[in-house]
Amino acid sequence: MLQLLASHPPKIPSRKLVIPACNSFQISDFCNPMKKLTTLLAFLIANCLHLAAQTPAAMEAKLNNPATPKSERLSLSFSLAEKLMRTEPKKAADFAHRAAMLASELGDQNREVAAYLMAGEANYRRRESREANSKFNRAFVLAKDYGQTSQAIEALKQMETIATQKNDYREAFRLSQEGVALLQKNGGGSTSSGSDGYRSRLEKQNDDLLRENKALRTELSKVTGRTELLETNYQEALKETMEKSETQLGKKDEQIEKVSQEKMQVDLVVEEKERMLESMTKEQLADKFQLAESEKNVEKERARAATAELEQKKSDNFRNVLALVAAFILMLAVLLYFRYLAKKRTVGQLADQNAVIELEKKRSDELLLNILPAAIAQELRTNNKVKPQFYEQATVMFIDFKGFTSVSERLSPEMLVEEIDYCFSNFDKIIGQFKIEKIKTIGDAYMCASGLTDHNSSPTDMVLAGLEIQDFLQHLRAERMARGLPFFEARVGIHTGPVVAGVVGTKKFAYDIWGDTVNIAARMEENCDPGKVNVSESAYWLSKYEFEWVHRGKISAKNKGLVDMYYVAAIK
């Protein structure tokens, strides 16, 4: 075994550079040896230099570009397979298989066969014998169909090497014989039309195959324990087969003879019975016939009685089963009726409970939406908590009544609460029209903000809401003065800037906002005259072109220094 492996080392399929087919370069041009050989060498050198100058990454990127022509992708696949054969045989196998597919689409038979040989080589380097054998077999079939004798023999030699390494000498010998037969069949015709170099290569392949054939035949004889050559084995196998066939035929003849003898014995018994029947007298026959007829009648009566008894039992059993089924159906109907009543009663109770639950849920949702913005309420229901949020640009508005203490002293508690509720309810309606979130009320102070969950960061809507609130209070003042009742006047301050918003507390939780923006908005309200809307500089610049303004000068704001203030005079 070791001698055989030493004399037949594993062969790696040779790489062959296949020349791309093009209109200006044909293989038939090589009839003029010197001129065409020079052209071929120049093309090969230019092709190799061009491909060698590219990195595998660049070539792969160009290969994967859908705009690259198929013929160029075929050349790139070949080059990548050759470049990566030693370092990354797995990728080389993939690129070689891709080249085979492209060559098949383009009808390039030479490259298709060469690509499968290269893919088999890559699999062989990765010790993937089964995949390599499959690729070599595909190359052999294609080369044989395309009349490429040299490539077909090359594929057979690689499959023979794999079979030898697996100790499958019969398969290796068969492949070797197939290669010799193919070379003897196609080699002569090919050499007559080719060059002297091609003829000598085919003759050398013929000699190599014959030597390998002889060595495999000898090794196969040693492994099987026979010293004679394989040709004599065919004759001996035929002889053994014929001897086995004759032995089996002899056994069949013995079986046939045995069956014939048994048949003869049966025939003798039948003849004896017939002779005995003929020797009986007519009276004996009549007596026997009458006795047989009587016995037959008795048997019929017994059968009739048994049948009648059986029918009676069947009838009784059927009646009993029918009664049981009727009782079972009646009991089942009663149970189903009571179950229906219980289920109906349960469904009614569940419907009532679900209605109550749905009503309570609706009320709970309404209360939650009155306390929190819709998005915050949804997050609280889903996660049972609310993450704090930072808003880069939010607008905050403070509303505070002037002289609230003096007015409250002139009103009863009921009238005071009613008056505040009336004002704040109208404030809620006004800011709701502009999608502004109410934050909270502190005594007679009212705070709201925009640019939070709805991201309505422009202060224009907030200024419009402030003007509408002042307009509402002006009408209310005129009405209260006409009736001789006390009235409220309010200051409105607006500022735009960053805030942090979140929900605080576990019991009676509240949605609130924090930051310098809240403080500055409060400062705007404190420095505002009743009936006016005082706006900070940042809110002024964001809504400058929507309103008429009156500059009021600067005030000092904590952590912000001096801040400009503006009164909203009118809407443009």
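The values are calculated or read from the model by the stated rules, or taken from the named source; none is laboratory data. This one's a predicted model, so the numbers in the text were calculated from it and none came from an experiment. Positions of Cβ are backbone-derived with ideal geometry, glycine not excepted, and every protein chain shown enters the neighbour counts. Calculation scope for accessible area: heavy atoms of the full protein, side chains included, ligands and nucleic acids excluded. Shrake-Rupley method; radii C 1.70, N 1.55, O 1.52, S 1.80 Å.
Numbers at a glance
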| item | result |
| --- | --- |
| Any chance Val504 is β-branched (Val, Ile, Thr) and exposed (fewer than 14 other Cβ atoms within 10 Å of the Cβ) | yes |
| Candidates Leu350, Leu310, Leu336 - the one that is modelled with pLDDT of 90 or more and either open to solvent by 80 Å² or more (accessible area, probe 1.4 Å) or out of contact with any helix residue (DSSP H, G or I) (no Cβ under 7 Å at 6 or more places or on another chain) (or both) | Leu336 |
| Any hit, segment 448-466, residues being closer than 14 Å to Ile399 by Cβ, assigned to a loop (DSSP other than H, G, I, E, B) and open to solvent by 60 Å² or more (accessible area, probe 1.4 Å) | no |
| Hits in segment 103-112 (condition: touching a residue at least 12 places away in the same chain (Cβ under 8 Å) and not in a helix (DSSP H, G or I)) | Asp108 |
| Test for Ser450: is it farther than 26 Å from Pro498 by Cα, out of contact with any His (no Cβ under 8 Å at 6 or more places or on another chain) and small (Gly, Ala, Ser) | no |
| Options Ala122, Ala115, Ala96; residue that is under 23 Å from Asn64 (Cα atoms), in a helix (DSSP H, G or I) and either in contact (Cβ under 8 Å) with a residue 40 or more places away in the chain or among the basic types (Lys, Arg) (or both) | Ala122 |
| Checklist (1) closer than 26 Å to Lys135 by Cβ; (2) of a type in the set (S, T, N, Q); (3) at pLDDT 85 or above applied to Asn65, failing item | (1) |
| Long-range neighbours under 9 Å by Cβ, at least six apart or interchain, first residue in a strand (DSSP E or B) within segment 503-524, second open to solvent by 40 Å² or more (accessible area, probe 1.4 Å) and small (Gly, Ala, Ser) | Val503/Ala510; Val504/Ala510 |
| Residues (surrounded by 11 or more Cβ atoms within 10 Å (Cβ to Cβ), in contact with a helix residue (DSSP H, G or I) (Cβ under 8 Å, 6 or more places away or on another chain) and either in contact (Cβ under 8 Å) with a residue 24 or more places away in the chain or not in a strand (DSSP E or B) (or both)) located in segment 537-558 | Ala539, Leu542, Ser543, Glu546, Phe547, Ile555, Ala557 |
| Qualifying residue in segment 109-117 (condition: under 31 Å from the mean Cα position of the chain (by Cα) and open to solvent by 80 Å² or more (accessible area, probe 1.4 Å)) | no |
| All positions within segment 401-413 that are part of a strand (DSSP E or B) and either open to solvent by less than 30 Å² (accessible area, probe 1.4 Å) or without any contact (Cβ under 8 Å) to a residue 40 or more places away in the chain (or both) | Phe401 |
| Some residue of segment 482-491 being part of a helix (DSSP H, G or I) and surrounded by fewer than 19 Cβ atoms within 10 Å (Cβ to Cβ) | yes |
